[in-house]
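Here the structure is laid out as structure tokens; the discussion comes afterwards.
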Amino acid sequence: MKSVLLINGSPNARGCTYTALSEVQSALSESGVESEIFHIGVDPVFGCVACGKCWELKRCAFDGDPANRILERMRAADGVIVGTPVYYAGPNGALCALLDRVFFSNGGTLRGKPAAAVVSCRRSGASAAFDRLNKYFSINSMPIVTSQYWNNVHGNEPEEVLRDLEGLQTMRTLGRNMAWLLNALADTGLPNTEDRIATNFIR
């Protein structure tokens, strides 16, 4: 059976972001896909210090926060969905600190895993936060799963999110589209790749 990891990047374990992810989870379950919601918690997290150890370890050198646990679960899952509240038109800073290290240290092991972002906001900033999260997926060759609209819900409390009927439908459509793409990839496999070429602007 296929499985999807849903990451709750909010400091609130059962808040608006969780409410949105739970709606995705229900659609995944109805489509025969197992899933797990992983909460990043509220403890301090490390930022990347560019030590380079992850190139040899294939994981982050820092073990004192959830980064390596997230990476292990991502590697084990068939698909990934990352959810965040919107703070100053961007994702939660603690979540970004974790994702910077997770994606930089994965060593190409996440290539081909379908991924999606889910954002929750009171009023605005959703599209900017949504765009920021999708960049993690696109640079790692992870197919981005779409829905019927940008994957956001509105509300300041979970009860308000539950009144955002369009947002909830968008979450359910995302879950069904994720399940469909997982099955499609199981039948077709991944395309061939070339050896990586890396250039910069001064040579």
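Within the chain, what is the longest stretch that has no chymotrypsin sites (Phe, Trp or Tyr not before Pro) placed in a DSSP loop and near at most 13 other beta-carbon atoms within 10 Å? With a cap of 13 other Cβ atoms within 10 Å, the longest stretch comes to 1-87.
For the chain, modelled as a GNM whose springs connect Cα atoms under 10 angstrom apart, the maximal fluctuation among Gly112, Gly93, Gly64 occurs at Gly64. Where does the Debye-calculated log10 I(q)/I(0) of the stretch 1-144 sit at q = 0.08, 0.13, 0.14, 0.22 Å⁻¹, using only Cα point scatterers of equal weight, no solvent? Evaluating at q = 0.08, 0.13, 0.14, 0.22 Å⁻¹ gives log10 I(q)/I(0) of -0.19, -0.53, -0.61, -1.51. Shape analysis of the stretch 14-92 based on the Cα gyration tensor places the equivalent ellipsoid semi-axes at 26, 18, 10 Å, largest first. When only alpha carbons are used to place a centre, the stretch 142-203 and the stretch 111-129 end up 8 Å from one another. Placing R0 at 41 angstrom, the Cβ-Cβ distance between Glu56 and Asn192 gives a FRET efficiency of 0.90 after rounding to 0.05. Only one residue of Leu95, Ile40, Thr170 has its Cα farthest out toward the positive end of the dipole of the chain, where Lys and Arg carry +1 and Asp and Glu -1 on Cβ, and that residue is Leu95.
Membrane-span-like helices in the chain (whole DSSP H runs, Cα extent of at least 24 Å along the helix axis, mean Kyte-Doolittle hydropathy of at least -0.5): 165-188. Our estimate of slack between Glu159 and Asn200, defined as 0.36 nm per intervening residue step minus the Cα-Cα distance, is 9.9 nm.
Estimated from helical segments only, the mean residue ellipticity of the chain at 222 nm is -12500 deg cm²/dmol, where each DSSP H run of four or more residues counts as -39500 (n - 2.57). Between Gln169 and Thr109, the modelled label-to-label distance comes to 4.1 nm, taking each label 7 Å out from Cα in the direction of the beta carbon. Rounded to the nearest 0.05, the FRET efficiency derived from the C-beta distance between Tyr149 and Tyr88 at R0 = 30 Å is 0.85.
Just checking the listed ones, Cys54, Cys16, Cys121: in the Gaussian network model of the chain with Cα springs under 10 Å, the one fluctuating most is Cys54.
Please state, to two decimals, what the Cα-based radius of gyration of the stretch 81-183 comes to when divided by 2.2 N^0.38 Å (N = residues). It would help to have the intermediate numbers written out before the result.
On the way: Rg = 13.7 Å, N = 103, 2.2 N^0.38 = 12.8 Å.
With N residues counted in the stretch 81-183, Rg over 2.2 N^0.38 Å equals 1.07.
Read the figures in this text as sums done on the coordinates, not as results from a lab. Small disclaimer: the values here were computed from a predicted structure and weren't measured. Every residue, glycine as well, gets a Cβ built from its backbone with ideal geometry; the counts of neighbours run over all protein chains shown.
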